[in-house]
Amino acid sequence: MKQRWDDGARQANGIYKTRMHNLCCDNCHSHVACAWNTMSLQAYGIQQWNTVKLCFLMFFKGGFVSMSNVVKQFRTFLLLIFLTLLGLVIITATW
């Protein structure tokens, strides 16, 4: 299993070293899915991996180590949402 894992990671690295990573389509999740497909990983009834399947697996089966890590993960996003909503309230209140 270890050799299959190493070979899969090596092949995926060879494929992705020439690609431009971006936020939405061809990112680290695609790289992992490619590696898992290369090593024929089967887990949770999934045989062919892609970004969407990996995303749902991480969301529903993954876990944070502690509640403080949950806060650390989402604080910047929540701060941006809060500031955006605050800005919209201020702009609409001045009209």
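When a 1.4 Å probe is rolled over the protein heavy atoms, the share of accessible surface on the chain that falls to carbon and sulfur comes to 67 percent. Among the trypsin sites (Lys or Arg not before Pro) found in the chain, those both in a DSSP coil and sparsely packed, with 10 or fewer other Cβ atoms within 10 Å of their Cβ, are LYS17. With a Förster radius of 30 Å applied to the C-beta separation of ASN13 and ASN69, the computed FRET efficiency comes to 0.60.
Taking the Cα centre as origin and putting +1 on Lys and Arg beta-carbons and -1 on Asp and Glu beta-carbons, what dipole magnitude results for the chain, to the nearest 20 debye?
Using only the charged Cβ atoms, the result is roughly 180 debye.
Measuring nothing but how far apart in sequence close Cα pairs (under 8 Å, 6+ apart) lie, relative to its length, the chain scores a relative contact order of 20 percent. For the chain, the solvent-accessible area with a 1.4 angstrom probe is 82 square angstrom per residue.
Between GLN47, CYS25, LEU80, the Cα set farthest toward the positive side of the dipole of the chain (charges on each charged residue's Cβ, about the Cα centre) is that of GLN47. For the chain, the alpha carbon convex hull comes to 152 Å³ per residue, rounded to a whole number.
The values are calculated or read from the model by the stated rules, or taken from the named source; none is laboratory data. Just so you know, these numbers come straight off a predicted model, no measurement behind them. With ideal geometry, Cβ positions are generated from the backbone for all residues, glycine too; neighbour counts draw on all protein chains shown. Each accessible area value is taken on the protein alone, full model and side chains, heavy atoms only, with ligands, DNA and RNA left out. Shrake-Rupley method; radii C 1.70, N 1.55, O 1.52, S 1.80 Å.
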